[in-house]
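The values are calculated or read from the model by the stated rules, or taken from the named source; none is laboratory data. Computed from a prediction, not measured in an experiment: that's the story for all the values here. For neighbour counting, all protein chains shown are included, and Cβ atoms are generated from backbone atoms with ideal geometry for every residue, glycine included. Only protein heavy atoms, including side chains, enter the accessible area calculation; ligands, DNA and RNA are left aside. Shrake-Rupley method; radii C 1.70, N 1.55, O 1.52, S 1.80 Å.
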Amino acid sequence: MKIIPAIDIINGQCVRLSEGKYDTKKVYYENPLEAAQSFEEAGLKYLHVVDLDGAKAGKVMNWDVLKSICSNTSLNIDFSGGIKTIQEAEKAFDLGAKQIAIGSLAVKQPETVMSWLVKFGCDKIIIGADVKDKRIAIHGWQETADYTVFEFIDKYHKAGAIHFLCTDVSKDGKLEGPAVDLYKEIIEQFPDIDLIASGGVSSMDDFNALQSINCRSVIVGKAIYENKVSIEDLAKIQS
């Protein structure tokens with residue numbers, strides 16, 4: 001299983017939110033590089049970095065944090081939050097990100113994102129699917145789109161996308177367990193995609209539950225920062 005710790009950034013700091021609400025912000029590290037280096041020292045290989053300022057502003061705001069982590073660790077980093085132009089995508093790769101995760105743009109401008117799949121290669125692009133009641137959630141998770149997550153994944157899968165990051169909005173940051181039933185349904189319909197489960201992981205048992213449904217990748221954030229799971233234990237189960 002691919003274990004992907006998460007660093008969410010606001011004002012250059014490593015924070016976590018609950019259900020994506022900015023007024024629930026809790027700062028865990030003043031310098032996100034310290035968190036990234038602790039993951040690497042424990043033996044973890046991957047990192048999910050989210051520019052929450054960028055997501056809110058509609059353009060990347062924390063380039064310096066990405067540059068710092070890429071320059072000072074050898075982690076395989078995927079980066080997201082505010083990437084709206086091909087220039088921003090290229091800059092993320094130039095700074096050292098191995099992948100970029102695209103969420104709202106994939107909903108609003110599918111032609112653009114599909115062209116990036118062609119330009120950069122399908123392995124470089126992660127399609128973000130935020131889900132609320134099995135429908136795609138948009139506008140800061142406050143609204144749902146007119147189609148289901150299954151229709152959304154099907155469209156991009158047919159365009160060649162391999163990696164899909166699925167976050168159940170109702171689970172995110174609440175440490176109540178992941179949306180195993182939803183992920184199982186997605187994997188059964190699309191067995192050949194790399195489904196990256198995100199949201200709700202609270203214990204090592206949750207990783208076992210995800211492995212039991214053949215979910216091969218999982219993002220974990222708050223459970224690390226609240227000491228619900230140890231990064232040393234996570235390193236032992238990663239592939």
- Query: So is LYS155 basic (Lys, Arg), assigned to a helix (DSSP H, G or I) and closer than 25 Å to ILE7 by Cα or not?
  - Reply: no
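How about segment 118-127: which of its residues are out of contact with any helix residue (DSSP H, G or I) (no Cβ under 8 Å at 6 or more places or on another chain), without any contact (Cβ under 8 Å) to a residue 60 or more places away in the chain and aliphatic (A, V, I, L, M)? Let's see the steps before the verdict.
If we filter segment 118-127 for residues that are out of contact with any helix residue (DSSP H, G or I) (no Cβ under 8 Å at 6 or more places or on another chain), which is where we start, we get 118, 121-123, 126.
Next, only the ones that are without any contact (Cβ under 8 Å) to a residue 60 or more places away in the chain stay: 118, 121-123.
Matches in segment 118-127: VAL118 only.
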- Considering only segment 58-69, state which residues are more than 16 Å from VAL15 (Cβ to Cβ), touching a strand residue (DSSP E or B) at 6+ places or on another chain (Cβ under 9 Å) and open to solvent by 20 Å² or more (accessible area, probe 1.4 Å). TRP63
- LYS25 fails exactly one of the following numbered conditions: (1) surrounded by 14 or more Cβ atoms within 10 Å (Cβ to Cβ); (2) over 20 Å from ALA89 (Cα atoms); (3) at pLDDT 95 or above. What is the number of that condition? (3)
- Of the residues SER80, SER74, SER104, SER115, which is modelled with pLDDT of 90 or more, under 19 Å from the mean Cα position of the chain (by Cα) and surrounded by fewer than 23 Cβ atoms within 10 Å (Cβ to Cβ)? SER74
- Query: Can you spot a residue in segment 139-154 that is surrounded by fewer than 19 Cβ atoms within 10 Å (Cβ to Cβ), among the charged types (D, E, K, R), in contact with a Phe, Trp or Tyr (Cβ under 8 Å, 6 or more places away or on another chain) and over 18 Å from ASP78 (Cβ atoms)?
  - Reply: yes
- Query: Considering segment 172-192 alone, what residues qualify as being open to solvent by less than 20 Å² (accessible area, probe 1.4 Å), in a loop (DSSP other than H, G, I, E, B) and touching a Lys or Arg at 6+ places or on another chain (Cβ under 8 Å)?
  - Reply: GLY173, GLY177, PRO178, ALA179
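Quick check, is LYS134 under 17 Å from the mean Cα position of the chain (by Cα) and modelled with pLDDT under 95?
On the way: under 17 Å from the mean Cα position of the chain (by Cα): no; modelled with pLDDT under 95: yes.
No; evaluated as a whole, the condition is false for this residue.
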- All but one of (1) modelled with pLDDT of 95 or more; (2) within 23 Å of GLN87 (Cα to Cα); (3) under 15 Å from the mean Cα position of the chain (by Cα); (4) open to solvent by less than 10 Å² (accessible area, probe 1.4 Å) hold for LEU165; which doesn't? (4)
- Counting just the residues of segment 193-228 that are open to solvent by 60 Å² or more (accessible area, probe 1.4 Å) and of a type in the set (S, T, N, Q), which one comes out nearest to LEU44 (Cα to Cα)? ASN227
- Message: What pairs come out if I take residues in segment 87-113 that are farther than 15 Å from CYS70 by Cβ and in contact (Cβ under 8 Å) with a residue 12 or more places away in the chain and pair them with residues that are among the acidic types (Asp, Glu) and surrounded by 16 or more Cβ atoms within 10 Å (Cβ to Cβ) whose C-beta lies under 9 Å away, six or more apart or interchain?
- Response: ALA101/ASP78; GLY103/ASP130; SER104/ASP130; VAL107/ASP130
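So for segment 160-171 (the condition being part of a helix (DSSP H, G or I), touching a helix residue (DSSP H, G or I) at 6+ places or on another chain (Cβ under 7 Å) and closer than 20 Å to ALA129 by Cβ), does at least one residue qualify? Break it down into steps so the answer makes sense when it comes.
If we filter segment 160-171 for residues that are part of a helix (DSSP H, G or I), which is where we start, we get none.
No; the residues of segment 160-171 include none that is part of a helix (DSSP H, G or I), touching a helix residue (DSSP H, G or I) at 6+ places or on another chain (Cβ under 7 Å) and closer than 20 Å to ALA129 by Cβ.
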